[in-house]
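Below: the structure, in structure tokens.
The numbers here are math on the coordinates, done by the rules we state, and not lab data. Note that this is a predicted model, so its numbers are computed, not measured. No Cβ is skipped: glycine too gets one built from the backbone with ideal geometry, and neighbour counts run over all protein chains shown.
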């Protein structure tokens, strides 16, 4: 049970990371602009990632989900089809209980265990019959909604061709692979002891110190929070992250000062410093000398 709980926690961390990624949010926005669809993720426990933050939701579905009974019916429908897709181990394009189509792509970890599904909807599928006005009116009255409004929302929902639906399915599969990759990396990082993990981080900082590296970017790469990385780094290396990054840059600069005739300003930039003044201050603070005193003798 502890292992299951740990993996569920890691999955939640992966979902949180994916949901905050600007690239995915941008992809979601583009898909909506192109096709009028919202994408999302539903976990094995029925929790949704809410990538679109609730915006652009199909008005018909929003109206039905706005009632307790409708929300419960949607939840049951989502879970039933997610379980079916997990059993089949294949994507599904299905008609929901309210007469609109949705796409569902099940995701599995490296051990083949179901962890959730990418979803997209809701839409009419070209060539498939719509609910009659009488049936939509009946649904509206059952859930205490205005029949004319619900019928208009239902009738005006977008229609996808089968080719478009297949394209959305392929897109969800790509995002799904990205999500499962994040989750697998989180599990892997959990198995690495703190000293070994910090050694990997040190190597990364040393290799990339000349880039505009930040603790936030490094933390994301190693699936840690910036605060925890700062704490872990100081504890294991006995030097704060930002100072270690500066020291790596100064080492690069000292080598270039001793081995090249490049101008000091150019060396400062090449070593990763934002300005010559910043470079001079940092260099003097760490070495007690000015950069020019470390120049190669002619």
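Ordered by the number of other Cβ atoms lying within 10 Å of each residue's own Cβ, fewest first, 118, 79 fall into the sequence 79, 118. Taking other C-beta atoms within 10 angstrom as a stand-in for reagent exposure, 238, 231 fall in the order 238, 231, fewest first. Against the compact-protein benchmark of 2.2 N^0.38 Å, the Cα-based radius of gyration of region 193-298 scales to 1.15. With the contact rule set at Cα under 8 Å and sequence spacing of 6 or more, what percent relative contact order holds for region 193-298? It comes to 24 percent, rounded to a whole number. Its residue count N sets the reference 2.2 N^0.38 Å, and the alpha-carbon radius of gyration of region 91-156 equals 1.45 times that reference.
Panel order for 248, 74, by other beta carbons found within 10 Å of each beta carbon, from fewest to most: 74, 248. Between residue 258 and residue 225, the C-beta separation translates, for a Förster distance of 45 Å, into a calculated FRET efficiency of about 0.70.
Take every pair of alpha-carbon atoms less than 8 Å apart whose residues are at least six positions apart; their mean separation over the length of region 114-262 yields a relative contact order of 18 percent.
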